[in-house]
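Participant: Dropping the structure in here first, questions after.
Computed from the coordinates by the stated procedures, all read-outs in this text should not be read as laboratory data. On a predicted model such as this, the values are computed, not experimentally measured, just so you know. FYI the Cβ positions are ideal-geometry reconstructions off the backbone, even for glycines, and counts take in every protein chain you see.
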Amino acid sequence: MPETQELLFNINLGILIRAKYPPKKRAARAVKLMKAFVRKHAKVPEDYRIKVRPELNELLWSQGAGNPPGKLKIRVVINEEDEEAVIWPA
């Protein structure tokens with residue numbers, strides 16, 4: 001089994017974020033939802049750490065806390081040796 005695995009995902013955050021959360025907390029909630037999405041769809045075990053790269057974090061917060069992008073393309077790199085998953089912008 002390979003030590004690293006790379007996956008690509010398209011995430012539609014728009015409806016989830018804008019319908020449920022107040023404007024000042026939307027970008028922070030988008031990061032949490034993205035981590036939960038990766039854990040579920042990439043089948044990342046619970047004991048693995050999930051890290052968000054600064055480039056992706058800047059992209060999420062680029063339009064302010066109240067208006068994160070509705071759709072994102074992300075790349076997930078799972079490193080089994082270090083027991084971590086890193087989320088990159090695609």
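Participant: So in region 63-79, with the set limited to residues that are part of a strand (DSSP E or B) and of a type outside the set (Lys, Arg), which one is nearest to Gly14 (Cα to Cα)?
Facilitator: Leu72
Participant: Under 9 Å between Cβ atoms, at least 6 apart or on separate chains: pull out the pairs that start in region 62-90 with a residue that is without any contact (Cβ under 8 Å) to a residue 12 or more places away in the chain and end on any residue that is in a strand (DSSP E or B).
Facilitator: Close Cβ pairs (under 9 Å, with a partner that is in a strand (DSSP E or B)) amount to Asp82/Arg49.
Participant: Restricting attention to region 11-19, does a residue exist that is surrounded by 16 or more Cβ atoms within 10 Å (Cβ to Cβ) and closer than 17 Å to Val52 by Cα?
Facilitator: yes
Participant: Quick one: how many residues across region 3-54 are farther than 19 Å from Lys73 by Cα and either among the acidic types (Asp, Glu) or in contact (Cβ under 8 Å) with a residue 60 or more places away in the chain (or both)?
Facilitator: 4
Participant: Condition first: surrounded by 15 or more Cβ atoms within 10 Å (Cβ to Cβ) and either in a helix (DSSP H, G or I) or of a type in the set (Val, Ile, Thr) (or both). Now tell me which residues in region 36-54 satisfy that.
Facilitator: Within region 36-54, Phe37, Val38, Arg39, Val44, Ile50, Val52 meet the criteria.
Participant: Being loosely packed, with under 14 Cβ neighbours inside 10 Å and among the polar types (S, T, N, Q) is the requirement here; does Asn57 meet it?
Facilitator: The answer is no for Asn57.
Participant: Is one or more of the residues making up region 7-27 of a type outside the set (A, V, I, L, M), within 16 Å of the chain's Cα centre (by Cα), assigned to a strand (DSSP E or B) and closer than 14 Å to Ala90 by Cβ?
Facilitator: The answer is yes, given that some residue of region 7-27 is of a type outside the set (A, V, I, L, M), within 16 Å of the chain's Cα centre (by Cα), assigned to a strand (DSSP E or B) and closer than 14 Å to Ala90 by Cβ.
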